[in-house]
Structure formats: structure tokens, C-alpha cells
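To start, the structure under review is shown below, and the notes come after it.
The values are calculated or read from the model by the stated rules, or taken from the named source; none is laboratory data. Remember, it's a predicted structure, so these values are computed and weren't measured experimentally. Ideal geometry is used to build each Cβ from the backbone, glycine not excepted, and the neighbour counts take in all protein chains shown.
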Amino acid sequence: MENTQKEQSELQIAERCRTLYLNPLVQSKGWLPNLFWRSKNAEDPFGCLRVNPLELEVLFSAICGQTSEARCSLEQIKPGRASFIERSIAHGELPLLTFRADVS
């Protein structure tokens, strides 16, 4: 049951990442989806995530000026990581995000 909740939570975070990515503030960065996602097919660039979904959600939330839903979880797993990502964005930098192996 714990894995099912974790998977559902991860899917929610991934969906939030996609929603935040479509925000004009993130779009203005000019980043293509393939920087963060492996494409599902030629018509859908949003397949599985290439990077840690918690880190990506914190990054996009910081750009949009929204409260991150993943910040606390990320800080529990990797103390200081969410703050680092937020500071990097505040300084106009794109931090290196943790690579995620293809899970398909």
C-alpha cells in the first residue's frame, strides 16, 4: 500500500510539473520539454521525467512564485537541496538536477 501511495504522489507531482511547465513564466525561459522529459511519441513531448520530480517541482514553483508542494519532501530526503534550487533560480541560474534513469 505504501508503494501505491508513493506512486500516486509521484504521478501527482509529475502532473504538477507539467502544469507548471506550461506557465508563461517557465515558458519564457525557452526550455524545451526534452530537457526534463523523455518524449512519449512525436506528438507528446511529456513522457516520463528525466530528472527528479521533486527537484523539478521546486524549480518550476520557484520560477512561478508559487509555494512548492514538494519542498518539504525534498528537504527530508536531501536536506538543503530545495533551498539550493530556489537560490539558484533567484540568481538566474539553472541548477543541475538529479538525473533519473529510464523507468519504463
Please verify whether residue 40 is surrounded by 12 or more Cβ atoms within 10 Å (Cβ to Cβ), modelled with pLDDT of 95 or more and among the charged types (D, E, K, R), treating the condition exactly as stated. no
Where residues in the range 59-82 are part of a helix (DSSP H, G or I) and touching a Leu at 6+ places or on another chain (Cβ under 6 Å), which of them is farthest from residue 17 (Cα to Cα)? 81
Residue tally, condition surrounded by 13 or more Cβ atoms within 10 Å (Cβ to Cβ) and of a type in the set (Asp, Glu), over the range 74-96: 2
Please go through the range 60-72 and give me each residue that is free of Cβ contacts under 8 Å to residues at least 40 places away in the same chain, more than 16 Å from residue 24 (Cα to Cα) and under 13 Å from the mean Cα position of the chain (by Cα), ordered by number. 68, 71
Is it fair to say residue 57 is of a type in the set (Asp, Glu) and touching a residue at least 40 places away in the same chain (Cβ under 8 Å)? yes
With the requirement that a residue be surrounded by fewer than 16 Cβ atoms within 10 Å (Cβ to Cβ), free of Cβ contacts under 8 Å to residues at least 40 places away in the same chain and among the hydrophobic types (A, V, I, L, M, F, W, C), what does the range 9-30 give you? 11, 22
Only one of (1) at pLDDT below 95; (2) in contact with a Ser or Thr (Cβ under 7 Å, 6 or more places away or on another chain) is not met by residue 102, so which one is it? (2)
Taking first residues from the range 83-104 that are part of a helix (DSSP H, G or I) and second residues anywhere that are of a type outside the set (A, V, I, L, M, F, W, C), the pairs with Cβ under 8 Å that are 6 or more apart or on different chains are 83/75; 84/95; 85/55; 85/95; 88/95; 89/95
